[in-house]
1. How far, in degrees from 0 to 90, does helix 82-97 lean away from the longest principal axis of the Cα atoms of the chain, to the nearest 10?
2. Just the number, please: carbon plus sulfur as a percent of the accessible area of the chain, 1.4 Å probe, no ligands or DNA/RNA counted.
3. Straight-line reach from LYS54: which lysines have a Cα under 23 Å away, not including same-chain ones fewer than 8 places off?
4. What is the packing order of peptides 147-154, 12-19, 67-74, taking the mean over residues of other C-beta atoms within 10 Å and listing the highest first?
5. Compute the angle between helix 101-129 and the longest alpha-carbon principal axis of the chain, please, reported from 0 to 90 degrees and rounded to the nearest 10.
6. What accessible area per residue, rounded to a whole number of Å², is obtained for the chain using a probe radius of 1.4 Å?
7. Can you tell me which of 100-106, 165-171 comes out highest on packing, and rank the rest after it, using the mean Cβ neighbours within 10 Å?
8. Show which aspartates and glutamates lie in cross-link reach of LYS16 when reach means a straight Cα distance below 17 angstrom and same-chain residues fewer than eight apart are skipped.
Amino acid sequence: MFRVGARFVHTPAARKALIEKIIRVDHAGELGADRIYAGQMAVLGGSSVGSIIKKMWEEEKEHLDTMERLAVQNNVPHTVFAPIFSVAAFALGAGTAMLGKEGAMACTVAVEELIGRHYNDQLKELLEDDPEAHKELLKTLTRLRDEELHHHDTGLENDALKAPMYDALKFVIQLGCKGAIKIAEKL
Ligand SMILES: [Fe+2]
Ligand SMILES: [Fe+2]
């Protein structure tokens, strides 16, 4: 990092590393989200919340496409744990959906709250570095953040809080996701 006026900005190498970290972890996150909703659909596709889950899933597919594109453009390899994350995320989606629609929605609230916060942290990091240099990425991540928070609210509107052991469920899911984030930021 070096100082420009009152601001500290990254060296070109550090900036590249920052962008790589962000794209790799976000790609992993969107892959996980796609698989979570796929798991939920497998169990609850035909239920009263099927169309609600399907709509969120469609948005996650678009998020994943966006991250795939960014990864190609910036030459960022996917996390080596992508296959494991995929299986774990599907199991998380299907497993919570087996608790009923409230369980699925509690999973959505837990994941989307964490991801929304994570996108906010990244936006802050990019803004602190250089709003102009990161203009396009900031725009994309802001849109994704807003859509994740909308998913979070959809979960709350659809009885997430009525899930069995809501607090414990949320805690465990967020703990798992935090671990996955830590790993995907590095490898
Ligand atoms: Fe997403
Ligand atoms: Fe989402």
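1. 40
2. Details: 5940 of 9390 Å².
Ligands and nucleic acids excluded, carbon and sulfur give 63 percent.
3. LYS54 reaches LYS101, LYS162, LYS170.
4. The packing order, highest mean first, is 147-154, 67-74, 12-19.
5. It works out to around 10 degrees.
6. For the chain, the per-residue accessible area is 50 Å².
7. Details: 100-106: 25.0, 165-171: 14.4.
So the peptides 100-106, 165-171, ranked by packing, come out 100-106, 165-171.
8. Straight-distance partners of LYS16: ASP26, GLU125, GLU128, ASP129, ASP130, GLU132, GLU136, GLU185.
The values are calculated or read from the model by the stated rules, or taken from the named source; none is laboratory data. As the structure is a prediction and not an experimental result, all values here were calculated from the model. All Cβ positions, glycine included, derive from the backbone under ideal geometry; neighbour counts span all protein chains shown. The accessibility values were calculated without ligands, DNA or RNA, using every heavy atom of the protein model including side chains. Shrake-Rupley method; radii C 1.70, N 1.55, O 1.52, S 1.80 Å.
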